Amino acid sequence: MAEGQMSAPRVFFYVQHLLGIGHLARASRIASALAKDGFEVTVVTGGLPVPGFPGPDIKSVALPAVVASNAGFSGLADEHGKPVDEDFLHQRRDLLLQAFHTARPDIVIVEAFPFGRRQMRFELLPLLDAIATASPRPKLLTSVRDILQERTKPGRDEETVGLIKTHFDHVLVHGDPDFVTLPKTFPLAAEIADKIIYTGLVAAPVPASPTDVFDIVVSAGGGAVGLDLVRSALEAARASSDRGRWCLITGPNLPEEDFVGLSNQTAENVTLVRFRKDFPSLLRGAELSISQAGYNTVCDVLQAQCRSILVPFTAGGETEQTVRATRLEELGLAVALPESGLNAAVLGDAIELSLSRPKPGGHKLDLNGAKRTAEILRSLL
């Protein structure tokens, strides 16, 4: 604990979302658990603002926003889609370092890096240097989901291990080792085994009973890449009015013209919205969830013990969601469909299969990762 500190230990939490909102949602759940446990939390965000995040009782520092300039994450653009220049990046770096020195944290958590977010090296490497020279030096942890994007470029994993060994005290893996362990998607995990701590999956608390009940809930995460899923679900809904009420949640980042186009095709049994704050409650009341296989959505589905069809996102060589969906199918907790070739007929067959099965109650996966992370940080102090 920092010298002269009278009360709450301070946590400085960096999170950068580039395409979807999953990283921000998970980090916000953790930050809220830390605040509830008595930590003073500063969350530094670097993506487009999302209503409701990072949440109450949390200090927030918003850096000038950057987003992925394409689905392959190969470049950075500003909030208007314009590629960023060196002056922009230098400004962000300086603002991040200023926020760090102002916060004077006891613990720094960097979400994803160095396992991911290599695009942010321009500001994160200077932050690591500032942490290393701070007196007293705060503990430094990286916060990663249980399944990583697998790297194909030679030397990437070795570089990650080098940064972990040099700078980081611990690696918080937000997963249940009975579901999947880090070595599944990070081949060199054994070299940093002494730093790895599993927290359990970071799920929201058990939701309240829904005030609005839909039979089938379709969601596309942030919405930036879920158009084909929503379109196929809309066609399936129009062809199966006997399946009751449908709620299609496009996500806030679906382009407006696409949302308008979908709105013009909805049927009487379909409610089309961009966002539902009560999404976890809707799952609790639904017979079936249809979604991509992002971390947070899957946690919500597992918490609600809802039947699930998962269509993992695979653009740009993404592998993480496929690993998750396949593993859940192996455990009998979901039906997995490939993104390529998805249409109303394929989805309709999967719906029939899913609804013929009982709801997946009674799984033993640990969903208490947010609270457990707070307990872990307490023990480190």
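What follows is calculated from the coordinates using simple rules that are stated; it is not laboratory data. Not measured: the values here are computed from a predicted model. Because the Cβ atoms are built from the backbone with ideal geometry, glycine has one as well, and the counts that use them run over all protein chains shown.
For segment 30-106, pairs of C-alpha atoms spaced more than 20 angstrom apart make up 43 percent of the total. Based on the Cβ-Cβ distance of Ser135 and Asp94, what FRET efficiency does E = 1/(1 + (r/R0)^6) give at R0 = 25 Å, to the nearest 0.05? Efficiency at R0 = 25 Å is approximately 0.75.
Computed from the C-beta positions of Ser209 and Ser340 and an R0 of 45 Å, the FRET efficiency is 0.75 to the nearest 0.05. Cross-link check: pairs Lys195/Lys277; Lys195/Lys359; Lys165/Lys371 evaluated at a Cα-Cα cut-off of 32 Å; pairs beyond the cut-off: Lys195/Lys277; Lys195/Lys359.
Given axes a ≥ b ≥ c from the Cα gyration tensor, I'd like to know whether segment 67-119 is rounded (a/c under 1.5), prolate (a/b larger than b/c) or oblate. Oblate. Whole-Hz Karplus values for segment 15-31 come out as 9, 10, 9, 10, 10, x, 10, x, 4, 5, 5, 5, 4, 5, 4, 5, 4 Hz, taken residue by residue from phi with 6.51 cos²θ - 1.76 cosθ + 1.60 and θ = phi - 60°; glycine and proline positions read x.
Per-peptide packing, taken as the mean over residues of other Cβ atoms within 10 Å, places 291-303, 318-330, 223-235 in the sequence 291-303, 223-235, 318-330 from highest down. In this structure, the amide hydrogen of Ile290, modeled 1.01 Å from its nitrogen in the peptide plane, lies closer than 5 angstrom to those of Val217, Val218, Ser219, Ile309, counting only residues at least 5 positions away or on a different chain. Once you order the gyration tensor axes a ≥ b ≥ c over the Cα atoms, which shape class does segment 143-197 get: rounded for a/c under 1.5, otherwise prolate or oblate by comparing a/b with b/c? Cα axes put segment 143-197 in the oblate bin. Relative to the longest principal axis of the Cα atoms of the chain, helix 344-355 runs at roughly 80 degrees.
Going by alpha carbons, how many degrees (0 to 90, nearest 10) lie between the helix axis of 295-304 and the longest principal axis of the chain? Tilt of helix 295-304: around 60 degrees. Compared with the dominant principal axis of the Cα atoms in the chain, helix 121-133 is inclined by about 40°.
Here the gap between Thr166 and His101, fully extended at 0.36 nm per residue and compared with their Cα-Cα distance, gives a gain of 21.3 nm. Scoring 206-214, 103-111 by mean Cβ neighbours within 10 Å over their residues and listing the highest first yields 103-111, 206-214. Between the labelled values (1) 33, 23, 21; (2) 36, 22, 20; (3) 48, 21, 18, the entry that holds semi-axes √(5λ) of the Cα gyration tensor in Å as derived from this structure is (2).
Amide H to amide H, with H built 1.01 Å from N, Val108 comes under 5 Å of Phe12, Lys139, Leu140, Leu141, counting only residues 5 or more places away or on other chains.
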